[in-house]
Amino acid sequence: MRIRLLFGYLFFLMSIVFCAIQLGTLPNSGPLPGGPLLLQFSTSMVCLLLASLAAQSGSRTGNIAISVIAFSVCFLALLSGGILAFQGSSDLAALKYIILLAYAGFYGAFGLAFSFLTGPRPSRELQKNA
């Protein structure tokens, strides 16, 4: 059980690192071939999906930390997309905007799922009465 939690948190941190690398290099790069860009994106998303192993912990503070970090990454991806849109340079491919919006959507959904896990659990007495 502990090894699942350890790998869940490890994969979450790896997805954040991969996403940060891609968010950092994406705005400054010129037109990129789609293959390497999608490979980096899919690697980060696979790590994020494997990070759901951390959901099995009953730790409320861990789930709160994961949801705050995931919402922060979502905000940064939206902010990066907005800055790129305002710059309006012609060498930016539409694929970059799609990647940024997809990061924002995935990390926002992941943070929302973990924020539901931090909510109060219904007591057993309420379930018996219903």
Expected sort for Ile83, Ile3, Ile99 with the fewest Cβ neighbours (10 Å cutoff) up front is Ile3, Ile83, Ile99
FRET efficiency estimate (nearest 0.05) - Cβ-Cβ, Asn28 to Phe116, R0 30 angstrom:
0.25
Linear extension gain, Leu39 paired with Ala94, 0.36 nm per residue minus alpha-carbon span:
18.1 nm
Neighbourhood charge, 12 Å Cβ-Cβ cut-off, centred on Ala54 and excluding it, Lys, Arg +1 and Asp, Glu -1:
+2
Spin-label point model (7 Å from Cα, Cβ direction): what's the Phe7 to Gln87 distance in nm?
3.9
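Quick note: the coordinates plus some simple rules give every number you see, no bench work behind them. Predicted, not measured: the structure shown is a model, and the values here were computed from it. Because the Cβ atoms are built from the backbone with ideal geometry, glycine has one as well, and the counts that use them run over all protein chains shown.
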